[in-house]
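For reference, the structure discussed in these notes is given below.
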Amino acid sequence: MYTVIVSAQVKPDMVDQFLEVMAENSRASRREEPGCLRFDVHRDNNDPNHFILYELYADERAFAEEHRAAPHFEKWRAASAELLEPGGQVNTFATPAFPGDLPEARS
């Protein structure tokens, strides 16, 4: 399992465009990428221009090779420079600290 957590600070006048592009990216990722297990988009309750993406992939390859090669990701990547504040994206990559606790490990 491979987790990607993205903190994105969107330009105030670009939130609607961000939501449009991100809806397409997150939904296509879940629908078209077998290795994408979750792709949740959250809006910060205290800052309406701050979003947190929680992405879960079967493994690092599913993210690095499949997701990043997908047309919907490329569209997001191209749009992000216009939509986000300069330096407004922070990616955190993680793996389970207790992989034996995952459902597939117990079967």
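The set of residues in the range 41-76 being under 24 Å from D13 (Cα atoms), among the charged types (D, E, K, R) and surrounded by 12 or more Cβ atoms within 10 Å (Cβ to Cβ) consists of R43, D44, E74, K75.
None of V21, V90, V15 is of a type in the set (V, I, T) and touching a helix residue (DSSP H, G or I) at 6+ places or on another chain (Cβ under 7 Å) except V21. Taking A81 as the residue in question, decide whether it is over 12 Å from the mean Cα position of the chain (by Cα) and either outside any helix (DSSP H, G or I) or surrounded by 12 or more Cβ atoms within 10 Å (Cβ to Cβ) (or both). The answer is no for A81. When I52, I5 are checked against the criterion of being in contact (Cβ under 8 Å) with a residue 24 or more places away in the chain, in a strand (DSSP E or B), of a type in the set (A, V, I, L, M) and over 18 Å from T95 (Cβ atoms), I52 stands alone in meeting it.
When R38, R27 are checked against the criterion of being touching a Leu at 6+ places or on another chain (Cβ under 8 Å), surrounded by fewer than 15 Cβ atoms within 10 Å (Cβ to Cβ) and without any contact (Cβ under 8 Å) to a residue 60 or more places away in the chain, a single residue qualifies: R38. Selection over the range 53-69 of residues that are hydrophobic (A, V, I, L, M, F, W, C), out of contact with any Lys or Arg (no Cβ under 8 Å at 6 or more places or on another chain) and closer than 12 Å to P34 by Cα gives a count of 3.
Read-outs throughout are calculated quantities, based only on the coordinates presented, and are distinct from any laboratory measurement. Note that the coordinates shown come from a computational prediction; the quantities given were computed from them, not determined experimentally. Note that we place each Cβ from the backbone using ideal geometry, even for glycine, and neighbour counts take in every protein chain shown.
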